[in-house]
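Reviewing the structure listed below.
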Amino acid sequence: SAGLCVPLFALFASGVPIDGEVLADVFTSPVGLSVLLGLLIGKTVGIFGASWLAIRTGVATRPAGLAWPDLLALAVLGGIGFTVSLLIADLSLAGIDGGAPAEIAKASVLVTSLIASLLGSTLLLRRGRAHRRQYESTGGVDK
C-alpha cells in the first residue's frame with residue numbers, strides 16, 4: 001500500500017550512512033539535537049497546541065470520547081513524518097562542511113521518527129487500556 005511504500009522509499013533513498021559516529025552526533029551535535037527536539041517536541045507542542053486552541057476558541061470541537069491525553073498521544077505521532085524533513089535537511093545543509101551536517105540531520109530525522117513512533121504507540125496503547133477499563137467499569141456503556 002502507498003501508506004507503507006512512500007516512507008520505505010524515503011528511508012532507502014535518504015542514503016544516510018548509519019554508524020556509531022553518526023548516531024553519537026545525533027545526540028551530541030547542535031544540528032542533531034536541534035532536529036531531534038524540533039521534530040519530537042516542536043511538532044508535538046505545535047499539533048497539540050493548535051488543536052487545543054481551535055477547540056477552546058470554538059473553531060473546532062473535540063470528538064466525543066476523545067480526551068486530552070488521547071490528543072497528546074496522537075500529537076506525538078506527528079514526529080514520524082520524515083519524508084519532507086529528509087528533503088529539507090538535504091537541500092539546506094548539503095553544501096556545508098562537506099555535507100556532514102546534512103548527514104547528521106538526516107540521521108536525526110530517522111532516529112526521531114523511530115522515537116516518535118515508539119513513544120506515540122506506547123501512549124496510544126496506554127490510552128486504549130484506559131478506555132477499555134472505563135468501558136468495562138460502566139458495564140459496556142460509552143461515556
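The values are calculated or read from the model by the stated rules, or taken from the named source; none is laboratory data. Note that the structure is predicted; figures quoted are calculated from it, not measured. Cβ: placed from backbone, ideal geometry, glycine included. Neighbour counts: every protein chain shown. The area values use the complete protein model at the heavy-atom level, side chains included, leaving out ligands, DNA and RNA. Shrake-Rupley method; radii C 1.70, N 1.55, O 1.52, S 1.80 Å.
If residue 59 satisfies all but one of (1) at pLDDT 90 or above; (2) part of a helix (DSSP H, G or I), what's the number of the condition it fails?
In the conditions (1) at pLDDT 90 or above; (2) part of a helix (DSSP H, G or I), residue 59 misses (2) alone.
Looking only at region 50-64, how many residues end up being more than 29 Å from residue 133 (Cα to Cα) and crowded, with 16+ Cβ neighbours inside 10 Å?
Here the count works out to 0.
Checking the conditions here, which among 73, 67 is surrounded by 14 or more Cβ atoms within 10 Å (Cβ to Cβ), of a type in the set (Gly, Ala, Ser) and in contact (Cβ under 8 Å) with a residue 24 or more places away in the chain? Please lay out each step first, then the result.
Details: 67 fails: surrounded by 14 or more Cβ atoms within 10 Å (Cβ to Cβ).
Matching residue, one of 73, 67: 73.
Would you say residue 110 is under 16 Å from the mean Cα position of the chain (by Cα), more than 22 Å from residue 17 (Cβ to Cβ) and surrounded by 12 or more Cβ atoms within 10 Å (Cβ to Cβ)? Full working, then the answer.
Numbers: under 16 Å from the mean Cα position of the chain (by Cα): yes; more than 22 Å from residue 17 (Cβ to Cβ): no; surrounded by 12 or more Cβ atoms within 10 Å (Cβ to Cβ): yes.
No; evaluated as a whole, the condition is false for this residue.
Do we have residue 117 as of a type in the set (S, T, N, Q), surrounded by fewer than 18 Cβ atoms within 10 Å (Cβ to Cβ), within 19 Å of the chain's Cα centre (by Cα) and part of a helix (DSSP H, G or I) here? Even if it seems obvious, please write down each step before you answer.
Numbers: of a type in the set (S, T, N, Q): yes; surrounded by fewer than 18 Cβ atoms within 10 Å (Cβ to Cβ): yes; within 19 Å of the chain's Cα centre (by Cα): yes; part of a helix (DSSP H, G or I): yes.
Considered against the rule, which asks whether it is of a type in the set (S, T, N, Q), surrounded by fewer than 18 Cβ atoms within 10 Å (Cβ to Cβ), within 19 Å of the chain's Cα centre (by Cα) and part of a helix (DSSP H, G or I), residue 117 comes out as yes.
In the set 16, 76, 26, which member is part of a loop (DSSP other than H, G, I, E, B) and not acidic (Asp, Glu)? Don't jump to the end; show me each part of the working.
Values: 76 fails: part of a loop (DSSP other than H, G, I, E, B); 26 fails: part of a loop (DSSP other than H, G, I, E, B).
Residue meeting the stated conditions: 16.
From (1) open to solvent by 60 Å² or more (accessible area, probe 1.4 Å); (2) modelled with pLDDT under 90, pick out the condition that doesn't hold for residue 132.
Status for residue 132: all satisfied but (2).
Do the conditions hold for residue 89, that is, is it in contact with a helix residue (DSSP H, G or I) (Cβ under 8 Å, 6 or more places away or on another chain), modelled with pLDDT under 90 and part of a helix (DSSP H, G or I)? If you could, list the steps in order and put the result at the bottom.
Numbers: in contact with a helix residue (DSSP H, G or I) (Cβ under 8 Å, 6 or more places away or on another chain): yes; modelled with pLDDT under 90: yes; part of a helix (DSSP H, G or I): yes.
Judged against the criteria, residue 89 is a match.
Here is a check on your reading of the model: is residue 41 open to solvent by 40 Å² or more (accessible area, probe 1.4 Å) and at pLDDT 95 or above? Quick ask: steps written out before the conclusion?
Details: open to solvent by 40 Å² or more (accessible area, probe 1.4 Å): yes; at pLDDT 95 or above: yes.
So residue 41 fits the description; yes.
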